[in-house]
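This report concerns only the one structure given below.
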Ligand code: COA
């Protein structure tokens, strides 16, 4: 049997790919379980600094597998349904709070349940040719698995409502305009652009990256005062793991004058 998830590591970047191209990479229980295993295996590896999630073939992911995730699970009863949900939601949650920065590289179709991992990735880059849709309304359910929350959080209320109610697709360019993804480029340039962004992240202090990505997500639900306090505590916690890094960053700028923080990162290899 072919692995539903494949990956390779190249110069600090873990390229993880949905691998059911013949089923447009829709997520069945086997894929969800293997994805969790792969994420666990890669999370604390020294040779991985950034994780990119993409899809084999013409799809990023056609969402949940209507046959194996919904129909065949439902006939087994509520316990099986809850188990399948916890397996998929589980790896999306792991990805939302992943140790390393993550990038969704949306190479093609992205539907419904695919919005879970899309949102879970810190950054998202799409091919102009990619197609996004909340297709749930077309087959008679509401956009679950967090998909409604994703569009309500990322899009304007009008765009989110139109997208969810009509089930119409948008292409990568529109997804970038709506801020569902950071950017859209022609498919032929997508991997190069994502590699370029990943390389920028690889230059940064990894403890600061994790603290920053968590902070951006956490403060959204806080009052200003709570956020101010959280950010003080989060930096102090980061200092516990890496007190040398920021001091070296100050030293290289103030004493050594070898770089300018406004223009790029300090040389972390000398910390
Ligand atoms: N669940 C189950 N099977 C799916 C699937 C899904 N979400 N998406 C695709 N497949 C299967 C098809 O049934 C087909 O299987 P078969 O070869 O055994 O007949 C195979 O994948 C290829 O799909 P096909 O529809 O022929 O490919 P396409 O390139 O013409 O169209 C899509 C691609 C993505 C537009 C179309 O497959 C589709 O609409 N998928 C469902 C999307 C969806 O609603 N997802 C939301 C789920 S929450």
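Read-outs throughout are calculated quantities, based only on the coordinates presented, and are distinct from any laboratory measurement. Fair warning: this is a prediction, and the values are worked out from it, not measured in the lab. Positions of Cβ are backbone-derived with ideal geometry, glycine not excepted, and every protein chain shown enters the neighbour counts.
Each part gets one Cα centre, and for the range 240-271 versus the range 127-160 those centres are 42 Å apart.
Using only alpha carbons, the chain has a radius of gyration to Kirkwood radius ratio (Rg to Rh) of 1.00. Remark on the range 99-156: ratio of C-alpha radius of gyration to 2.2 N^0.38 Å is 1.14. The overall shape of the range 63-118 is oblate: from the C-alpha gyration tensor, with semi-axes ordered a ≥ b ≥ c, the ratio a/c is 1.5 or greater and a/b is no larger than b/c.
Computed from the Cα positions only, the extents of the range 171-271 along the three principal axes stand at 47, 37, 21 Å, in decreasing order.
Give me the distance between the Cα centres of the range 7-51 and the range 183-202, rounded to whole Å. Each part's Cα centre sits 18 Å from the other's.
Which of 191, 71, 40 moves most in a GNM of the chain, Cα contacts under 10 Å? The residue with the greatest mean-square fluctuation here is 71. How tilted is helix 29-43 with respect to the longest principal axis of the chain? Cα atoms for both, answer in degrees (0 to 90, nearest 10). Taking the Cα atoms of the chain, the angle to 29-43 is about 10 degrees. Packing, taken as the mean count of other beta carbons within 10 Å per residue, orders the peptides 159-169, 258-268 from highest to lowest as 159-169, 258-268. Distance distribution P(r), the range 146-190, all Cα-Cα pairs, bin width 10 angstrom from 0: 27, 54, 17, 2 percent. The overall shape of the range 1-87, judged from the alpha-carbon gyration tensor, is oblate: a/c is not under 1.5, and a/b is no greater than b/c.
What's the angle, to the nearest 10 degrees (0 to 90), between helix 243-254's Cα axis and the longest principal axis of the chain? Computed tilt is about 60 degrees. For the chain, adding -39500 (n - 2.57) for each run of n ≥ 4 DSSP H residues and dividing by the number of residues yields -14500 deg cm²/dmol at 222 nm.
Of all the Cα-Cα pairs you can form in the range 130-205, what percent are over 17 Å apart? In whole percent, the share of Cα-Cα pairs in the range 130-205 beyond 17 Å is 53.
Relative to the longest principal axis of the Cα atoms of the chain, the long axis of helix 187-202 lies at roughly 40 degrees. By the equivalent-ellipsoid construction on the alpha carbon gyration tensor, the range 32-180 comes out with semi-axes of 23, 22, 13 Å, ordered largest to smallest.
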